[in-house]
Amino acid sequence: LSYRLLSFFGRYGGYGREPISIQSDARKKLVGGKGHMEYADLIPGAITLLRNPRIKRLVTTRWRLIICDEVQDTNEEQWELLKILAPSKLLLLGDDRQMIYTWIPGVSPERFARIKTEVDQVIDLIPVSHRDPSGAIPALAEAIRCRRFDDPAVLAALETERLIVKIPTNRVALVEELKSQIASHPHKEIGIFAHTNASVSSLADELSSANINYVLIGIPEAHAEALAAMSTQAQFAIGQIPAQAMRFALASFLTASVRGKQPPMLAWAFAGRAALPKALEAALARLEASLIGATNGSVGDLAATATSSWPNLQITSGNKAWERAASHFRRIIRPLKDKRINSETIMQVSDTVELARVEALMNLDYSEYGRVRLMNYHQTKGREADVVIHIFQDNDFFGAEVAPFEAGSRLMNVALSRAREKVIILLPHRPHPLVEPFGGLIR
């Protein structure tokens, strides 16, 4: 919302007439510093913009009612923006039992309690789940949130096999268990949840290697950087940018795909900070020659070379994100695909792709459709599946909190309650204390 406000009215707030560009975290990790507006700048920017009385009057008369879902996870900046936008009426929907973003400064049970004192009326909704009308899984999720692993709701879920707990012997067995569960529920939607971005990225590579068809949810940055890398290859092909700029775009994509605190060593090599393996250097040289050679054809011919480049480099990380972005890239350039290649058409491609890249960074997800969906726990809000499979690992880090794990237990409540029919827990041999009690439920 803040991005759109800045895009529509930014010229009146000192942001210029050009479309708002956003620097991704991946690029920031590689170059350091602050060269462009970042995601964290959007809400403060919108608040500053709305201090202009004319813009505020225009925006607030457009929307007579503002509805904010998940208000328990808002921080002070977001709450300030809501109050500016809604001088007439504000409808808030929230549940402190599902507060899972307390690691964001300003999000806390105390803030939510204070918000409730500032409103005119509080309505407690009837606790009915439309996801599971039987109430069995919501009752299970609530019992786990309260750390009651021996609750009748938990025992009933075990008896009816709506809850299954297993400990695979090793990583290979884990992937085989996933294959088995997917095969045994052929007409069901399946959600696979892991704890960290790194865990999800690693698991994605393993599922791809095992030929398990899935969609990867919540990777807007990887999608955005893949689009940028394809566009950059087209610019390189006609000599608009040097080869190193194209390689840096690949480094950004790899960094966004792996999503660790630091870029992987291979990304540093792509960015020119270390030596590339000889085989990969040779593959990049072939790619560069192919791109230049494709300029004798149409924009569609060049796009075909660019969209197939990452798989041809034979790097396992990021293949699913690249595949999804390649499909999006082909849709973007479809009006231009039969045109001859020249500076003007490639500029059109790059301008169009840049807009799509920023849209992707705004968390517009292009991969919601698919029977099997993989994501991390903080991306489960608002999503659901017939069967949800929770994967925990030995090195999962749930922060510094200790028993009774209030924040972690709220996260479990949200993730467990995504299931319509069945919950499957796959534990490691040394589970974190947050989930260790599940081991006592194995039958």
If you take the residues in the stretch 378-416 that are polar (S, T, N, Q) and either assigned to a helix (DSSP H, G or I) or touching a residue at least 24 places away in the same chain (Cβ under 8 Å) (or both), which one is surrounded by the most Cβ atoms within 10 Å (Cβ to Cβ)? Thr380
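Can you pull out every residue in the stretch 39-64 that is small (Gly, Ala, Ser) and either open to solvent by 80 Å² or more (accessible area, probe 1.4 Å) or in contact with a helix residue (DSSP H, G or I) (Cβ under 7 Å, 6 or more places away or on another chain) (or both)? I'd like the intermediate steps shown before the answer.
Taking the stretch 39-64 and keeping what is small (Gly, Ala, Ser), we get 40, 45-46.
Listed by number, the residues that qualify are Gly45, Ala46.
Criterion first (of a type in the set (S, T, N, Q), part of a helix (DSSP H, G or I) and either open to solvent by 20 Å² or more (accessible area, probe 1.4 Å) or in contact (Cβ under 8 Å) with a residue 12 or more places away in the chain (or both)) does Ser327 satisfy it? Steps first, please.
Working: of a type in the set (S, T, N, Q): yes; part of a helix (DSSP H, G or I): yes; either open to solvent by 20 Å² or more (accessible area, probe 1.4 Å) or in contact (Cβ under 8 Å) with a residue 12 or more places away in the chain (or both): yes.
Taking the combined requirement at face value, the residue satisfies it.
Report yes if some residue within the stretch 65-76 is surrounded by fewer than 17 Cβ atoms within 10 Å (Cβ to Cβ), more than 22 Å from the chain's Cα centre (by Cα) and acidic (Asp, Glu); otherwise report no. Explain how you work it out, then say what you get.
Step one: filter the stretch 65-76 for residues surrounded by fewer than 17 Cβ atoms within 10 Å (Cβ to Cβ), giving 65, 67, 69-70, 75-76.
If we keep only those that are more than 22 Å from the chain's Cα centre (by Cα) as well, we get 65, 67, 76.
After this cut, where a residue has to be acidic (Asp, Glu) as well, the list is 76.
Among the residues of the stretch 65-76, at least one is surrounded by fewer than 17 Cβ atoms within 10 Å (Cβ to Cβ), more than 22 Å from the chain's Cα centre (by Cα) and acidic (Asp, Glu), which makes the answer yes.
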Residue list for the stretch 292-320, filter: closer than 16 Å to Leu227 by Cα and aliphatic (A, V, I, L, M): Val299, Leu302, Ala303, Ala304, Ala306
With respect to Leu125, determine if the residue is of a type outside the set (S, T, N, Q) and farther than 21 Å from Gln72 by Cα. no
Of residues in the stretch 1-28 being among the hydrophobic types (A, V, I, L, M, F, W, C) and touching a helix residue (DSSP H, G or I) at 6+ places or on another chain (Cβ under 8 Å), the one surrounded by the most Cβ atoms within 10 Å (Cβ to Cβ): Ala26
I'm trying to understand the selection: among the residues of the stretch 251-281, which are out of contact with any Leu (no Cβ under 8 Å at 6 or more places or on another chain) and closer than 29 Å to Lys337 by Cα? Phe253, Ala256, Ser257
Report the residue count in the stretch 3-41 for those that are of a type in the set (S, T, N, Q) and either within 23 Å of Ala274 (Cα to Cα) or at pLDDT below 80 (or both). 1
Evaluate the stretch 340-348: report whether one residue or more is under 30 Å from Gly191 (Cβ atoms) and open to solvent by 40 Å² or more (accessible area, probe 1.4 Å). no
Log entry, pairs with first residue in the stretch 80-98 being closer than 20 Å to Ala141 by Cα, second being among the aromatic types (Phe, Trp, Tyr), beta carbons closer than 8 Å, six or more apart or on different chains, reads Gly94/Phe112; Asp96/Phe112
Checking Asp205 against (1) part of a helix (DSSP H, G or I); (2) modelled with pLDDT of 95 or more: exactly one of these is not met. Which one? (2)
In the stretch 201-218, how many residues are open to solvent by 10 Å² or more (accessible area, probe 1.4 Å) and either within 30 Å of Asn342 (Cα to Cα) or among the aliphatic types (A, V, I, L, M) (or both)? 4
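The values are calculated or read from the model by the stated rules, or taken from the named source; none is laboratory data. Note that the structure is predicted; figures quoted are calculated from it, not measured. Note that we place each Cβ from the backbone using ideal geometry, even for glycine, and neighbour counts take in every protein chain shown. Accessible surface areas use protein heavy atoms only, side chains included; no ligands, DNA or RNA. Shrake-Rupley method; radii C 1.70, N 1.55, O 1.52, S 1.80 Å.
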